[in-house]
Amino acid sequence: MRIAVVTLFAAMVRDALDHGVVGRALAQGSLQLDCIDPRQFAADVHRTVDDRPYGGGPGMVLKVEPLRSAIRAARAQMPAGSPRVYLGADGERFEQGRARQALAYPGLILVAGRYEGVDERLIETEIDATWSIGDYVLSGGELPALVVIDAIARLMPGTLGCAESAQQESYTDGLLDWPHYTRPEVIDGLAVPAVLASGDHAAIRRWRLQQSLGRTWLRRPDMLERRGMSEEERVLLEEFKAGRV
Ligand code: 4G4
């Protein structure tokens, strides 16, 4: 998959993605990243990319022409039908479901704003959607763009070291994760749950599903409400609530 980021801080975006599973996806070529800097399209000797806001007040606004040229350049080098997405706190919430949907896109153009934001007419004419990663204001769209790229990249086939890890998680989609343990078997008087060392894979699967259901019920009942449960899941959650596990 190809992702283009239109940003005044290309090095920040590239450097942050050069680690871990996303770094490997880039090295492998399953993910291709292009950063396009609006400053390269600025017309004057000072390479100006901002200007004063109409109506006055503090702060600056990203100028239309350099940003528009950068978005168009991104579009020209990306597969046809790659949506242009602006990152802003006023956007639609970017959640796991959106990350999964984005896997099917031919490409994705992410536009990171700075200063007080961009000229509204540019959003109207050059942007297909605005995504927000949560209800807080950041100094630029780069961190949200990085969050979006990481969430998508780890879902791409071949990105996670183990081919099964993504699939293993699928039956608990829409649930919180189950608890994980590694050696030693006892630490600070706390033992690993016996079932995990039993070798009984069906029992382990049931225990993990039950822990995921229980945690989601305790910590994020809204997620459980949205997702619904199978009959097996209902039984497992009732057993969890009864405190038998
Ligand atoms: C648009 C307008 C996204 C974008 C102004 C971007 C939070 C999110 C920005 C700004 C962002 C989010 C510079 C204030 C960039 N902040 N919640 N900031 N600012 O996804």
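The values are calculated or read from the model by the stated rules, or taken from the named source; none is laboratory data. What you are looking at is a predicted structure, and each value in this text was computed from that prediction instead of being measured. As a convention, Cβ positions derive from the backbone with ideal geometry for all residues, glycine included, and neighbour counts pool all protein chains shown. Note: accessible area is taken over every heavy atom of the protein model, side chains too, but ligands, DNA and RNA are not part of it. Shrake-Rupley method; radii C 1.70, N 1.55, O 1.52, S 1.80 Å.
List of remarks:
- If the condition is being within 17 Å of Ile123 (Cα to Cα) and either part of a loop (DSSP other than H, G, I, E, B) or within 14 Å of the ligand (Cβ to nearest atom) (or both), then the stretch 74-92 contributes Ser82, Pro83, Val85, Tyr86, Leu87, Gly88, Ala89, Asp90, Gly91, Glu92.
- Selection status of Ser69, more than 11 Å from the ligand (Cβ to nearest atom) and hydroxyl-bearing (Ser, Thr, Tyr): yes
- Qualifying residue in the stretch 221-233 (condition: touching a residue at least 60 places away in the same chain (Cβ under 8 Å) and under 30 Å from Gly91 (Cβ atoms)): no
- Enumeration of residues in the stretch 127-143 that are touching a strand residue (DSSP E or B) at 6+ places or on another chain (Cβ under 6 Å) and crowded, with 20+ Cβ neighbours inside 10 Å: Trp131, Gly141
- For the stretch 146-167, the criterion of being over 20 Å from Val21 (Cβ atoms), loosely packed, with under 13 Cβ neighbours inside 10 Å and within 22 Å of the chain's Cα centre (by Cα) is met by none of the residues.
- Counted residues, the stretch 71-90 - those being touching a residue at least 24 places away in the same chain (Cβ under 8 Å) and either open to solvent by 40 Å² or more (accessible area, probe 1.4 Å) or farther than 26 Å from Gly134 by Cβ (or both): 10
- Residues being assigned to a helix (DSSP H, G or I), of a type outside the set (D, E, K, R) and modelled with pLDDT under 95 - total across the stretch 138-187: 8
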